[in-house]
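Reviewing the structure listed below.
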Amino acid sequence: MPFQMRPDEILNEVKTFNEKLAQGMTNLMEVGEISSGVTPFEVVYTEDKLKLLHYTGTTEPTNKVPMLIVYALVNRPYMTDIQENRSTIKGLLDAGQDVYLIDWGYPDASDRYLTIDDYLNGYLDNCVDEIRARHNVDAVNLLGICQGGAFSLCYSAMHPEKVKNLVTMVTPVDYQTPDNMLSHWVQNIDIDQLVDTIGNIPGEMLNWTFLNLKPYQLMGQKYLGMVDVMGDSQTLKNFMRMEKWIFDSPDQAGETFRQFIKDFFQQNKLLKGEVQIGNYTIDLKNVTAPVLNIFAEQDHLVPPDASRALKGATGSSDYTELSFKGGHIGIYVSGKAQKTIPPAIGEWLTARS
Amino acid sequence: MADWSEEMMKNWSDAQQRYWNAWSDLSKMGQPQAVPNFGAGFGSGFGAAPAWTQGLEQWWKAVSPHTVPGASTDAFQRMVEMGKVYMNLAENAYKVQQTGSNGTDAMNAWMDAMETGFRQCCGQLEMGKFTAHGFGVGQAALDSWQRVLGSMGMQAFQQMGAGGFHMPTSENWSEQLNKVLGTPAVGYNRESQERLQALAKLGANYQEAMDDYLKAFAKQGIESVQALRERVNTLRSEGKKINSLRELYDLWVDVNEQVYAKFAMTDEYQVVYGDLVNALMALKQGINAELDSVYESANLPTRKDLNAAFEKQQEMRRENRTLRKQLQELSRKVDALAAVQNTAPPAAPAAPKPKAAAKPKTPSASTKNA
């Protein structure tokens with residue numbers, strides 16, 4: 001029989017678990033404030049709740065075309081700079097890039113009527129213009145992450161003259177691949193009723209959805225596994241950083257959420273060329289800049305096929321794919337990612353700038 | 001620990017010490033059948049069924065008031081919750097092994113117990129206890145849903161059963177409720193009575209949607225147990241062994257995730273998930289409407305009023321943005337003109353015929369509609 005444990009062995013395992021838990025509690029209380037974001041930056045532009053950050057590297061950038069990172073609205077962007085030895089930002093600076101990042105802030109009730117048009121043709125466009133003016137260049141390099149990647153694609157289609165090169169990371173393009181769990185779930189939700197009723201969508205609701213993608217691992221096994229390593233203060237601190245990030249979910253501006261879920265997830269309009277943003281109809285064929293599309297093979301949020309759909313969808317004659325053996329978060333924070341992803345982006349951009 | 005007061009520290013240390021002592025005593029005794037006595041009221045000494053889950057819970061109750069609220073305590077609470085699931089697994093394994101059963105019987109008894117629990121949930125007999133074994137992730141899953149309710153100002157629903165009303169769930173009861181809600185309203189308060197009936201109906205619909213959601217999970221639980229039986233049989237045929245509780249737990253998680261991943265992609269899940277959110281929103285909308293009518297009667301601003309103000313504010317932001325851009329563009333043109341004037345040679349006495357002014361540039365994207 002596979003299960004071969006004597007009662008005293010079970011008892012011993014229980015005792016060990018409890019000892020670790022009790023000791024870990026003491027360590028946890030000593031962790032103190034969890035810092036987020038490790039690379040120095042200055043705020044070079046603000047508008048409403050938005051801040052445009054400019055990162056300072058230890059050396060001068062070799063690429064004279066500045067890069068703007070467009071993160072998703074659904075989480076905080078410090079995932080890209082989570083700790084000293086796990087920082088995509090630092091990796092990009094080391095690769096010679098001049099890095100800017102948009103911190104969208106935390107929307108409140110007064111932001112309920114912010115639309116995708118406001119975000120892209122307002123905030124994002126203003127940031128791009130600010131960077132263009134600061135560097136006296138016509139176009140910048142855009143790096144869009146997850147939902148920020150979808151936004152970057154839309155922006156590049158609307159303002160191709162302002163985008164020198166486009167990098168998309170774990171970006172959904174086809175929202176209805178057979179393995180897209182999130183998309184499958186939202187098909188039966190009355191989004192109009194949801195937004196009309198509560199206005200902004202609470203971050204807690206998004207957390208609940210994301211955790212339900214792998215509930216047994218994300219709500220259970222992860223915490224049990226943590227008990228084993230709580231004795232190590234540094235590992236514990238790193239775990240707590242991730243915990244902080246996971247549950248640091250801004251509310252979503254109601255009207256933006258409405259359009260994003262209905263047009264992108266429920267009707268898959270991005271791929272069909274039917275998304276309407278302000279006065280523009282988004283046609284991906286208008287994206288003419290070179291495109292580097294990076295996706296994670298074990299991504300449970302954005303299945304690889306959802307990203308691969310970008311191939312052939314744009315009007316660019318210079319399209320490159322980079323596949324990473326890891327998950328949606330691992331692509332920024334894993335040790336393997338640090339060694340491969342930022343250097344690859346840097347090399348690709350420098351060759352085209 | 002700078003935030004901790006001296007008294008908190010002492011209480012914390014005492015609680016920790018009691019916990020450690022209980023486990024140390026047990027270890028010294030070397031009695032595998034013993035369980036730690038964590039103090040009066042729980043833990044029952046030698047020879048009794050282990051009460052590890054209870055012990056952990058009591059310990060957490062003793063120490064948690066001395067912790068500082070924040071992300072660390074939240075995370076630790078989740079660890080304790082998972083610890084309780086793990087302790088529960090250990091208790092079951094221990095009890096069966098204590099009876100001297102062989103490994104096969106022990107495993108089967110454990111899986112039978114889990115399957116029975118899920119079947120009871122399916123039958124709505126113990127829906128209130130669903131959280132105890134629920135998703136195999138303990139209270140964590142439902143805590144997450146309760147946070148959603150809290151974030152919408154629906155705290156009143158958090159403590160009610162599994163995120164819904166704490167009401168009997170038998171078919172007969174629902175039928176009776178529906179009859180009451182269907183009774184025509186009469187008299188002076190007819191309108192108000194009708195509104196409240198409609199709201200109660202929305203509440204009942206939400207309860208029903210929550211029950212369906214939980215039942216679907218319970219069904220998935222049964223399938224997971226069946227899948228676990230198959231996995232155990234495979235291990236047996238391959239001559240592999242499970243040597244620790246942790247291995248058993250990891251196997252359980254692995255099997256559950258596989259079964260869940262298939263289940264979550266079914267039409268059934270799409271419907272129960274959507275219905276749950278839709279029913280909650282319909283209820284919330286009903287509550288909002290009731291509250292707004294109360295505020296309106298007190299001449300207080302309503303949600304509708306605030307939304308109108310926010311919408312207007314956003315329109316003004318857009319207008320500002322457009323004006324700022326126009327101003328920047330004009331400023332740039334003025335600067336350019338000034339630069340030309342500064343560098344231009346002195347004007348000749350007789351000026352030549354003026355050239356036509358350049359047309360202002362419009363956005364060049366071919367898809368711009370206006």
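The values are calculated or read from the model by the stated rules, or taken from the named source; none is laboratory data. Here the structure is a predicted model, which is why all the values come from computation and not from measurement. Because the Cβ atoms are built from the backbone with ideal geometry, glycine has one as well, and the counts that use them run over all protein chains shown.
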Of the residues A:88, A:62, A:26, A:80, only one is away from chain B (no Cβ under 14 Å) and over 22 Å from the mean Cα position of the chain (by Cα); which? A:62
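Yes/no matrix, rows are residues, columns are (1) over 29 Å from residue A:184 (Cα atoms); (2) facing another protein chain (nearest Cβ under 7 Å); (3) in a helix (DSSP H, G or I); (4) touching a residue at least 24 places away in the same chain (Cβ under 8 Å):
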site: B:225; (1), (2), (3), (4): no, no, yes, yes
site: B:233; (1), (2), (3), (4): yes, no, yes, no
site: B:236; (1), (2), (3), (4): yes, yes, yes, no
site: B:239; (1), (2), (3), (4): yes, no, no, no
site: B:269; (1), (2), (3), (4): no, no, yes, yes
site: B:274; (1), (2), (3), (4): no, yes, yes, no
site: B:283; (1), (2), (3), (4): no, no, yes, yes
All-but-one check, residue B:209 against (1) in contact (Cβ under 8 Å) with a residue 24 or more places away in the chain; (2) out of contact with any Asp or Glu (no Cβ under 7 Å at 6 or more places or on another chain), failing number (2)
Considering only the range B:246-262, state which residues are of a type outside the set (Val, Ile, Thr) and either farther than 12 Å from residue B:227 by Cβ or free of Cβ contacts under 8 Å to residues at least 60 places away in the same chain (or both). B:246, B:247, B:248, B:249, B:250, B:251, B:254, B:257, B:258, B:260, B:261, B:262
Going by what's in this entry, would residue B:207 be described as at pLDDT 85 or above, crowded, with 16+ Cβ neighbours inside 10 Å and either of a type in the set (S, T, N, Q) or not assigned by the TED database to the domain that holds residue B:276 (or both)? yes
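Residue-wise test of (1) in a helix (DSSP H, G or I); (2) facing another protein chain (nearest Cβ under 10 Å); (3) within 30 Å of residue B:146 (Cβ to Cβ); (4) at pLDDT 95 or above.
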{"position": "B:280", "(1), (2), (3), (4)": "yes, yes, yes, no"}
{"position": "B:287", "(1), (2), (3), (4)": "yes, yes, yes, no"}
{"position": "B:294", "(1), (2), (3), (4)": "yes, no, yes, no"}
{"position": "B:311", "(1), (2), (3), (4)": "yes, yes, no, yes"}
{"position": "B:324", "(1), (2), (3), (4)": "yes, yes, no, no"}
Only residues in the range A:254-281 that are over 27 Å from residue A:110 (Cα atoms) and more than 14 Å from chain B (Cβ to nearest Cβ) count as the first member; pair them with residues that are surrounded by 21 or more Cβ atoms within 10 Å (Cβ to Cβ) and among the aromatic types (Phe, Trp, Tyr), Cβ under 7 angstrom, at least 6 apart or cross-chain, and list the lot. A:268/A:175
Given the options A:236, A:213, name the one that is surrounded by fewer than 22 Cβ atoms within 10 Å (Cβ to Cβ) and closer than 24 Å to residue A:35 by Cβ. A:236
When the residues of the range A:288-336 are filtered to those that are part of a loop (DSSP other than H, G, I, E, B), within 18 Å of the chain's Cα centre (by Cα) and among the acidic types (Asp, Glu), which remaining residue is farthest from residue A:179 (Cα to Cα)? A:297
